[in-house]
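First up is the structure itself, then whatever we jot down about it.
The values are calculated or read from the model by the stated rules, or taken from the named source; none is laboratory data. Treat the numbers as computed from the prediction; the structure is a model and nothing was measured. Backbone-built Cβ (ideal geometry, glycine too); neighbour counts: all protein chains shown.
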Amino acid sequence: MMTLLVAFIAYSSNAQLSNTKWKGTLNIQGGSMDVDFNFSSDTLDIINTSENQSLETMKYTVADSVLSLQKLYGSSSCDTAIGKYKYAISGNEMTVSLISDGCSQRSDAIGTMKLKKEE
């Protein structure tokens, strides 16, 4: 019963982002890359839009406007480091700001971002 309750709470807290898609630009290696952030119920896929290729898949959780990310697989060197980012949604825009992240490659890329929701 407790496992079911914990699963329900985790799902409920992710509900605002679950099954949504957002467009933005990553700042990577001295350049930029247009990407889609595709949120499922508990994973986030970051897709390079020009090549339609997955860059990273991360497990995510949401609590009190804090988005926590942990790499599952992809091209970064983030391993199991957990990143915490404050996010705010206003209309069709989401801003993401770094709180803390053990992976500088991820925090450099998404530490301060604006995303636009896709309908």
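Structure summary
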| quantity | calculated |
| --- | --- |
| Candidates S90, S68 - the one that is among the small types (G, A, S), touching a Phe, Trp or Tyr at 6+ places or on another chain (Cβ under 7 Å) and closer than 20 Å to N19 by Cα | S68 |
| Output for segment 73-92, where each listed residue is surrounded by fewer than 13 Cβ atoms within 10 Å (Cβ to Cβ), touching a strand residue (DSSP E or B) at 6+ places or on another chain (Cβ under 8 Å) and either among the charged types (D, E, K, R) or part of a strand (DSSP E or B) (or both) | Y73, D79, A88 |
| Segment 93-119, subset among the hydroxyl-bearing types (S, T, Y) and part of a helix (DSSP H, G or I), residue nearest to V35 (Cα to Cα) | S107 |
| L5 vs. criteria among the aliphatic types (A, V, I, L, M), at pLDDT below 95 and not in a loop (DSSP other than H, G, I, E, B) | yes |
| Residues located in segment 23-51, provided they are assigned to a loop (DSSP other than H, G, I, E, B), within 14 Å of the chain's Cα centre (by Cα) and farther than 20 Å from N92 by Cα | D42 |
| Condition check for S54: in contact (Cβ under 8 Å) with a residue 12 or more places away in the chain, farther than 19 Å from D101 by Cβ and either among the charged types (D, E, K, R) or outside any loop (DSSP other than H, G, I, E, B) (or both) | yes |
| Search result, residues across segment 93-113 that are modelled with pLDDT of 95 or more and either over 12 Å from the mean Cα position of the chain (by Cα) or closer than 16 Å to I28 by Cβ (or both) | E93, V96, L98, I99, S100, D101 |
